[in-house]
Amino acid sequence: MLTFVAVSDQYMLSPSLDRMIILSAVFLLAANLLVFGISQYSQKKSLEFTEMQLLLSRESDLADYYKMLLSQNENQSVLIHDIKKHLQSIELLNEKGESDKIHAYIKQLMLSSELKEVSRMCSHEMLNAILSRYSRRCCTENIAFHTDIRKGTTEFIADNDLTALFCNLLDNAAEAAAGIPDAFIEISSGKRKKLRLPS
């Protein structure tokens, strides 16, 4: 545009050529602005899409993890239900004096995935899975983890909101407590009685 202005000042051009130069300059400016705008919009949409993909991936991973924990809880319940049969089998082996077989049988039971410890921290299945996950994380990071979730205090929250709320809360707490001596996390949920004001 500066070149066009300099040419117009240096040389006497016909009015029609002047108009063509001005229109060309305006067109070039508009084209540059349009290309810049499209580029910015494209970058913004690309960033939003990437963030959405990461969020979906994270949510999918969390959902799979919690389904696995719920399945483990169910398997553990089945094993506890069947424990009477296992004890009867051990009793039969004991009556025959087969201590090696008893040892192998008990070892097999102890190594089964159903007997791996799954904490029961609250009555809400999804929240219990979330709290169990963070309890194990805190155990590996030497952070004391205490919970007190009263029955009927979280059932009204949808599973996706519950996951977002408690995972964000506990992620932040675990990061803040990491590496601090005698660190602990306490989380509680209870009902408050409505206070009656004197009339």
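Data table
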quantity: Among 3, 39, 102 the positive-end extreme of the charge dipole of the chain (Cβ point charges); calculated: 102
quantity: Integer Hz, Karplus 6.51/-1.76/1.60 couplings in order for region 165-174, x for Gly and Pro; calculated: 5, 6, 5, 5, 4, 6, 4, 4, 5, 5
quantity: For residue 185, residues with placed amide H under 5 Å, excluding near neighbours; calculated: 144, 145, 146
quantity: Peptide ranges 177-188, 144-155, 122-133 listed from the most packed, as the mean C-beta count within 10 angstrom indicates; calculated: 122-133, 144-155, 177-188
quantity: Per-residue SASA entry for residue 11, accessible area with 1.4 Å probe, Å² rounded to 10; calculated: 140 Å²
quantity: Positive-end residue of 152, 135, 165, charge dipole of the chain with Cβ unit charges; calculated: 152
quantity: Burial ranking of peptide ranges 162-169, 44-51 (average Cβ count within 10 Å, highest at the top); calculated: 162-169, 44-51
quantity: In Hz, Karplus ³J(HN,Hα) per residue of region 123-133 (6.51, -1.76, 1.60; θ = phi - 60°; x = Gly, Pro); calculated: 7, 7, 4, 5, 5, 4, 5, 5, 5, 4, 4
quantity: Global form of the chain, assessed from the alpha-carbon gyration tensor, a/c cut-off 1.5; calculated: prolate
quantity: Fully extended contour minus Cα-Cα distance, from residue 156 to residue 105, at 0.36 nm per residue; calculated: 13.9 nm
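The values are calculated or read from the model by the stated rules, or taken from the named source; none is laboratory data. This one's a predicted model, so the numbers in the text were calculated from it and none came from an experiment. Please note: Cβ atoms are built from the backbone with ideal geometry, for glycine as well, and neighbour counts cover all protein chains shown. Heavy atoms of the whole protein, side chains included, go into the accessibility calculation; ligands, DNA and RNA do not. Shrake-Rupley method; radii C 1.70, N 1.55, O 1.52, S 1.80 Å.
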